[in-house]
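J.: After the structure tokens below, expect a handful of questions from me.
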Amino acid sequence: MRDFEEAVKTAAEKSVLKLIADGGWIQPNYADRLKIPAEWIERAWGLVDTAKVQAQLADRIEKELADRIMNHLAAEMATDVKKILSHPERREALRAVARNHVDAICKGEKPE
């Protein structure tokens with residue numbers, strides 16, 4: 001009987017925690033919400049400068065497209081660099097060139 005009581009207690013605790021975590025214990029009262037008349041919304045919509053909205057939307061879409069294109073290009077370049085550097089000979093050749101340039105810069109010379 002003790003195991004049953006413990007199981008019921010554990011189940012009740014889990015149920016209460018789930019209810020709190022899901023936010024189910026907070027329910028808005030939809031009957032008391034503010035009702036905006038349809039005519040008021042129609043008048044407000046008529047005052048909207050749709051050309052201005054379209055221009056702002058176009059700017060935002062252009063920025064989003066540019067960001068996505070750049071992210072895809074960066075991913076492609078990263079993949080290409082990984083492929084190039086996966087060969088030890090190429091990797092060492094690139095390191096040698098980099099060392100020569102760094103050495104020249106440190107000496108105040110122009111890299112070859």
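The values are calculated or read from the model by the stated rules, or taken from the named source; none is laboratory data. The shown structure was predicted, so the numbers you read here are calculated from the model rather than taken from an experiment. Because the Cβ atoms are built from the backbone with ideal geometry, glycine has one as well, and the counts that use them run over all protein chains shown.
J.: Within the set of pairs 6 or more residues apart or between chains, which connect a residue that is exposed (fewer than 10 other Cβ atoms within 10 Å of the Cβ) inside segment 15-32 to a residue that is assigned to a helix (DSSP H, G or I) and of a type in the set (K, R) with Cβ atoms less than 9 Å apart?
T.: Listed pairs, sorted by first residue: G24/K18.
J.: Restricted to segment 93-112, and to residues that are farther than 24 Å from V81 by Cα and surrounded by 11 or more Cβ atoms within 10 Å (Cβ to Cβ), which residue is nearest to the chain's Cα centre (by Cα)? If you could, list the steps in order and put the result at the bottom.
T.: So the first thing to find is which residues in segment 93-112 are farther than 24 Å from V81 by Cα, and the list is 104-110.
From the residues that got through so far, the ones that are surrounded by 11 or more Cβ atoms within 10 Å (Cβ to Cβ) too are 104-105.
Working: A104: 42, I105: 40 Å.
Filtering segment 93-112 for residues that are farther than 24 Å from V81 by Cα and surrounded by 11 or more Cβ atoms within 10 Å (Cβ to Cβ), the one nearest to the chain's Cα centre (by Cα) comes out as I105.
J.: Confirm whether N71 is outside any loop (DSSP other than H, G, I, E, B) and at pLDDT 95 or above. Spell out how you get there, then give the answer.
T.: Working: outside any loop (DSSP other than H, G, I, E, B): yes; at pLDDT 95 or above: yes.
Judged against the criteria, N71 is a match.
J.: Same structure again: Report whether or not L73 is under 30 Å from P111 (Cβ atoms), hydrophobic (A, V, I, L, M, F, W, C) and touching a helix residue (DSSP H, G or I) at 6+ places or on another chain (Cβ under 6 Å).
T.: no
J.: Follow-up. Of (1) within 30 Å of R91 (Cβ to Cβ); (2) loosely packed, with under 10 Cβ neighbours inside 10 Å, P37 satisfies all except one. Which?
T.: (1)
J.: Please find, among G46, G23, the residue that is at positive phi and out of contact with any helix residue (DSSP H, G or I) (no Cβ under 9 Å at 6 or more places or on another chain).
T.: Details: G46 fails: at positive phi.
Sole residue among the options that is at positive phi and out of contact with any helix residue (DSSP H, G or I) (no Cβ under 9 Å at 6 or more places or on another chain): G23.
J.: Just checking, does segment 78-92 include any residue being exposed (fewer than 10 other Cβ atoms within 10 Å of the Cβ), part of a loop (DSSP other than H, G, I, E, B) and without any contact (Cβ under 8 Å) to a residue 40 or more places away in the chain?
T.: So far as segment 78-92 goes, yes, one or more of its residues are exposed (fewer than 10 other Cβ atoms within 10 Å of the Cβ), part of a loop (DSSP other than H, G, I, E, B) and without any contact (Cβ under 8 Å) to a residue 40 or more places away in the chain.
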